[in-house]
Structure formats: C-alpha cells, structure tokens
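Okay, so here's the structure we're looking at.
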Amino acid sequence: QKEVEQNSGPLSVPEGAIASLNCTYSDRGSQSFFWYRQYSGKSPELIMSIYSNGDKEDGRFTAQLNKASQYVSLLIRDSQPSDSATYLCAVNLLSSASKIIFGSGTRLSIRP
Amino acid sequence: NAGVTQTPKFRILKIGQSMTLQCTQDMNHNYMYWYRQDPGMGLKLIYYSVGAGITDKGEVPNGYNVSRSTTEDFPLRLELAAPSQTSVYFCASSYPPVEEEKLFFGSGTQLSVL
C-alpha cells in the first residue's frame, strides 16, 4: 500500500466551479498534512498546511482533515484558469519528524 | 536572499558515469531533503538530513549517496549512473516549527542518463 495516495486525474472543472481534490494516507500516526501546487516545469509551492481535524480556510482554498478516516482534501472555490496545475498531497510521517512523503499528484484543468 | 540553489540545471550523463548534484541554502535551515520526480509523477524522497552530520534514507535511496558537513550544503552523489535515474531532482529545506514545516524548493536539476 502506498503511503500517500491521490487520484492522478486529470480532473477537469469549469471556470467558477468548485474543484475537489482528495488524498488518503496509510500511517495512522501522521500529524502534519500539506497541499502543494506545481505548475508545469516549475518547483512545488506550498498552498495549505493542516494539523487538526476539521476545515482550514485560506482565501479560495479550504483544506479538510479527517484523521479517523486517514483522509485529507483540498477544495478550490471559484476556480480560475490560473488554478490549472498539478496538486501534490504531502504527509509528514510520525516515524520520523522530518520525513515528508508526497503522493503522485492530481492534474487539475480549469476549462473556460 | 537566494533561498535554495541547485546546480547544474541540466546534465546529460552516460551510463556508468558519476556526478554530484549540488544544493546550498542561505536560510540557516536545519532540515534538507532530496527528491526525484519522474515525468507525470509525484516526488519521491531520496535522502534527508536534520542537521550537519546527520542523514537518513528516504523512499528510494539506492544508487545515491549524500553528505551534510555544513548546515548550508547537502550534495547528492550518483555513482554508476543508470537510465532509471533519468529524472528531475529537487532539493528542499525547511525550518520547523518556525516555518510550519514548509518546504522551500530549489529550481531543480534535469538529469538524463543515456
């Protein structure tokens, strides 16, 4: 079983709609969760981090964490063409406080 | 600030050659990482370090070696390059908990082994 799993996509969403990205992880003791955005040919950049169960909102982005279900998601409201990118879920494994593992990423395409 | 600097940006190696990918950061970050990213895939952790003199294996360490003699530098050594090591390599650093474990990435090194 992969430690961090994501649907590879591509996920196509009309402009102005809500994009929903999902991620599951296998290490039940994991405490830190992240969403990175990566444009083609560029380095990843952090858009959200979440540590507690529930929702965390930052502008058009909402991260949701459910530790019991080992599930973390990212919602993007009012999707814009500039949101078209690959979104990478990352988890800091409890077994080593510095070991950050990424999923395979979900390609998101916002169609006008 | 320069942030995380990786050199070279591009390199072509022949099978069996060796090389060192350089990574340096000027943010005084304790933690440093090496990842590789194959086309259309996510990042795989190769090695990481929590401070000078301390390194540990990640998910895909075979065929690579690292050292961390200073806080600033974290070079990645490829011995006996193989086509399977064709990838984009990213170096990253972080400074938890001050920066909330945010990874600061370099611009990457695109490596082809032919």
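Eigenvalues of the alpha-carbon gyration tensor of chain B, scaled by 5 and square-rooted, set the equivalent ellipsoid semi-axes at 23, 14, 13 angstrom, largest first.
Rounded to the nearest whole angstrom, the semi-axes of the ellipsoid equivalent to chain A, taken from the Cα gyration tensor as √(5λ), stand at 23, 15, 12, largest first. Using Cβ point charges alone (K and R +1, D and E -1), the dipole size of chain B about the Cα centre works out to roughly 440 debye. What the phi angles of region A:5-17 give under the Karplus curve with 6.51, -1.76 and 1.60, with θ = phi - 60°, is a coupling list of 10, 9, 6, 6, x, x, 9, 10, 10, x, 4, x, 8 Hz, glycine and proline written as x. With the charge dipole of region A:53-112 set up from +1 on Lys and Arg Cβ and -1 on Asp and Glu Cβ about the Cα centre, the Cα lying farthest toward the positive end among the listed residues A:PRO81, A:THR62, A:THR106 is that of A:THR106. As a proxy for reagent exposure, ranking B:LYS102, B:LYS14 by other Cβ atoms within 10 Å from fewest up yields B:LYS14, B:LYS102. Shielding by partners for peptide B:22-35, expressed as the average number of C-beta atoms from other protein chains within 10 Å of each residue's C-beta, is 1. With unit charges on the beta carbons (Lys and Arg positive, Asp and Glu negative) and the dipole taken about the Cα centre of chain B, which residue among B:GLY42, B:VAL88, B:PRO75 sits farthest to the positive side? So the residue furthest toward the plus end is B:VAL88. Of interest is the spacing of the C-alpha centroids, which for region B:48-114 and region A:37-90 amounts to 24 Å. In plain terms, the chain from A:SER82 to A:ILE18 could stretch by 21.7 nm, reckoned as 0.36 nm per residue minus the Cα-Cα distance. Taking other C-beta atoms within 10 Å as the exposure proxy, B:THR109, B:THR71 rank B:THR71, B:THR109 from fewest upward. The order of A:LEU75, B:LEU78, B:LEU21, going from fewest to most other C-beta atoms within 10 Å of their C-beta, is A:LEU75, B:LEU78, B:LEU21. Summarising the strand pairing of chain B, around 90 percent of its internal DSSP beta bridges are antiparallel. Applying a threshold of 21 Å to the alpha-carbon distances of A:LYS56/B:LYS44; A:LYS99/B:LYS44; A:LYS42/B:LYS9 flags A:LYS56/B:LYS44 as lying beyond it.
Database note for the protein assembly as shown: every Cys has another Cys beta carbon under 4.7 angstrom. Take the Cβ-Cβ distance between B:LYS14 and B:GLN110 as r, set R0 to 25 Å, and report the resulting FRET efficiency rounded to the nearest 0.05. Calculated transfer efficiency: 0.95.
The magnitude of the dipole of the protein assembly as shown, with charges of +1 and -1 set on the Cβ of Lys/Arg and Asp/Glu and taken from the Cα centre, is near 540 debye. A simple rule links phi to the HN-Hα coupling: the Karplus curve 6.51 cos²θ - 1.76 cosθ + 1.60 with θ = phi - 60°, which for region A:23-30 gives 8, 10, 9, 9, 7, 4, x, 4 Hz, with x for Gly and Pro.
Values in this text are rule-based calculations from the coordinates and carry no lab data. Nothing here was measured: the structure is a model prediction, and the numbers come from that model. Quick reminder, even Gly has a Cβ in these numbers, built from the backbone with ideal geometry, and neighbours come from all protein chains shown.
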